[in-house]
Each structure stands twice: as C-alpha cells, then as structure tokens.
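A short reminder: the numbers here are calculations on the coordinates, not readings from a lab. All of these numbers come straight from a predicted model, not from anything done at the bench. Backbone-built Cβ (ideal geometry, glycine too); neighbour counts: all protein chains shown.
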Amino acid sequence: MPPPHESTILADFRDGVVTTLPAMAAATPFAFLLGALATDKGLSTLETGLMSALVFAGSAQFIVLDTWQSPAPWLLIGLVTFVVNFRHVFMSTSVLRHMGAFSPGARCISLFFLADENWAFAEARAAKGRLTAAYYAGLSGFFYLNWVASSVAGAYVGRLIRDPRAYGFDFAFIAIFIGLIVGFRSRPGFVVTVMASAGAATLVHLLQPGPLSIVAGAAAGILAAALAVDPAEATQ
C-alpha cells in the first residue's frame, strides 16, 4: 500500500486526467486539422510539432496559419499571437491565487501549460477545495501531449478531416466551452459578466472581424465583473 501522502498525489493526478478527457476529445480533430493546414503552408512535420509544443495555443496557431506566407511576416505573426493570447494574462492572474501550495518553479511551469480548458477546471477545483500541483499536472500533462501528438499526426492524415463541421466537431468544441462557462454560473455577477463579454466580442467582430474581438470580450467581462461583484464577495 502506498503511503497516504503518495496515495493522495496519485488520486489528485488521476482526477485531473479524468476531468480533462472530454476537452481532449473535442480538441483532437482540430489538432489534426491544424497539422494538415500547417503542412499546406509548407511547414514540415517537425516544425508543426514544434509550433504546437512551444506555442500551445490553438486559436493563435489557426489565426497565424491563416496569415502565413513565404517569407513569413514575423512581426505580424508576433503581434497576432500577442493579441489573441493576451487573455492569458488575466487567466494567469486568476489561477495564481489558488497556487499557494505550489513551489515557485511549479508555478512558472504550470503557467506555461495554461489553456482555457485547464484554467476553467482549475478554478472549479479551487472553488470546491484545494488546488494541488498533482491535480493541475493531471489536467495539463495529457491535454498538452494529446494536442502536440494530434497536430503531428494531422500532418500525415489530417487532410481526411478537411471540414470538421461535417462531423459535428465544430459544435463539440463549442459545447466544451459552453460547459466551462456554465460551470461558473454560481459565481457573483455571472450573468452580467457573460452578457457584457459576449456583447462586446460580438460587436467588435461585426465591425472588425479578427482577434481583437477576443480581447474586447475579455476586457468587457473583467470590467463588468469588477463593477457587479462586491469586493467582499470577490475575496471569498
């Protein structure tokens, strides 16, 4: 029998893996498609894998590939990636509040693997109890490996899934995010925050389609939450 402490670590890690399985299933076909698009743009299989491993941000990767040409517009690519991923600043600030038990090194590593899905799952876990490094590792490790491996596989066979909508994969990804949002419904200011974020993102998208709608939605949601939530409730 493993010691109680070791047993708890393994249980937390297992819980994290199980929690993230639906998100992994929804992300896999899009990683395949990403790999296919990358090879179409002239990237090698190795370069495709390195992009997923080093960037690890599906939305930014898709948008960058959409603007990819030869020679690559490096300044534009960097700017687009920064704009699309700026929401990670807000997510990192949020989840760091719950990483008191993490070592400084573990916090830095954890933030590298931060994604929308494991951020939401980590916040949900922290709302019910203590967020541990083992649970976060379970959330992030397999999700990360699955994304990288699936995008590499997509460089070989992803062309078979040219249109995810034909298989309902696009809604699967949307459904995951709807589920993540609904998971916060008990938080103070939930309705106001969602309405403000959705409204701002939609308006900006209609006026100027592109990654700015993501930043606008995030900023509007944060502002709405700050105005709607009592500071005393926010610290609970």
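About its Cα centre, what dipole magnitude does region 4-184 give when the only charges are +1 on Lys and Arg Cβ and -1 on Asp and Glu Cβ, stated in debye to the nearest 20? Mind dumping the intermediate values first?
On the way: 11 positive and 11 negative charges, 45 e Å.
In debye, rounded to 20, region 4-184 gives about 220.
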Please give, to one decimal in nm, the separation of the simple spin-label points placed at residue 10 and residue 186, each 7 Å out from Cα toward the Cβ.
-> 3.0 nm
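Looking at the chain, do any whole DSSP H helices span at least 18 angstrom along their long axis by alpha carbon and average -1.0 or above on Kyte-Doolittle, and which?
Both cut-offs are met by 4-40, 116-128, 133-157, 169-182, 190-207, 212-228.
Given a cut-off of under 8 Å on Cα pairs at least six residues apart, what relative contact order in percent is computed for region 29-147?
On the way: 74 pairs, mean separation 27.5, N = 119.
So the answer I get is 23 percent.
Taking R0 as 35 Å, what FRET efficiency do you get between residue 156 and residue 90 from their Cβ-Cβ distance, rounded to the nearest 0.05? Provide the component values of the computation, followed by the final result.
Details: r = 36 Å, r/R0 = 1.04.
E(calc), rounded to 0.05, equals 0.45.
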Just in region 88-159: which trypsin sites (Lys or Arg not before Pro) are loop by DSSP and have at most 15 other Cβ atoms within 10 Å?
-> 97, 130
Tell me, what is the percent relative contact order of the chain, built from C-alpha pairs under 8 Å that lie six or more residues apart?
-> 31 percent
For region 172-220 versus region 1-70, the gap between their alpha-carbon centres in whole angstrom = 23 Å
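Computed FRET efficiency, Cβ-Cβ of residue 223 and residue 45, R0 45 Å: what is it to the nearest 0.05?
Details: r = 43 Å, r/R0 = 0.96.
Computed FRET efficiency for residue 223 and residue 45 comes out at 0.55.
Given the Cα-Cα distance of residue 171 and residue 77 and 0.36 nm per residue of separation, how much length would full extension add, in nm?
On the way: separation 94, 0.36 × 94 = 33.84 nm, distance 2.74 nm.
Roughly 31.1 nm would be gained on extension.
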Segment residue 103-residue 208, length gained on full extension (0.36 nm per residue, minus Cα span) | 33.6 nm
